[in-house]
Amino acid sequence: MELKPGSRWRSAVCDGEFVVVRPPKAPVSLECGGAPVIPHAQARPDGSPHADHAAGAGAGKRYADEESGLEVLCSKAGAGSLSVDGRPIGQKDAKKLPASD
């Protein structure tokens, strides 16, 4: 799978949809719910998230993998959690704004 900036993907096992914000440094497999994501236009097969990958993804949240450099934005929430090459990736924290005292 070629994860280009702005490319849209969806989970094969839940309602989650994602947009690539920053591509990985090397080819990787982006997964949601324990299954590789599919192109946004492709029909979703029947299935459900694997129990180990069912923590969910929140709409409007960014997820980043420090090892590969991949960053994605969740555009539609889903029951599956994100992983890269089988290792879970976490939600990216918001940047702290400077105090305006």
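None of the figures in this text is laboratory data; all of them are computed from the coordinates on show. Small disclaimer: the values here were computed from a predicted structure and weren't measured. Don't worry about glycine lacking a Cβ; one is built from the backbone with ideal geometry, like all the others, and counts go over all protein chains shown.
Each of SER75, SER11, TYR63 was scored by the projection of its Cα onto the charge dipole of the chain, and the greatest displacement toward the positive side belongs to SER75; charges sit on the C-beta of Lys, Arg, Asp and Glu. Across the chain, the mean sequence separation of Cα contacts (distance under 8 Å, 6 or more residues apart), normalised by length, yields a relative contact order of 31 percent. Note on the chain: Cα-Cα pairs beyond 20 Å make up 31% of the total pair count. Counting beta carbons within 10 Å around each of ILE38, ILE89 and listing the fewest first gives the order ILE38, ILE89. Spin-label model, VAL21 to LEU73: label points 7 Å out along the Cα-to-beta-carbon direction sit 0.8 nm apart.
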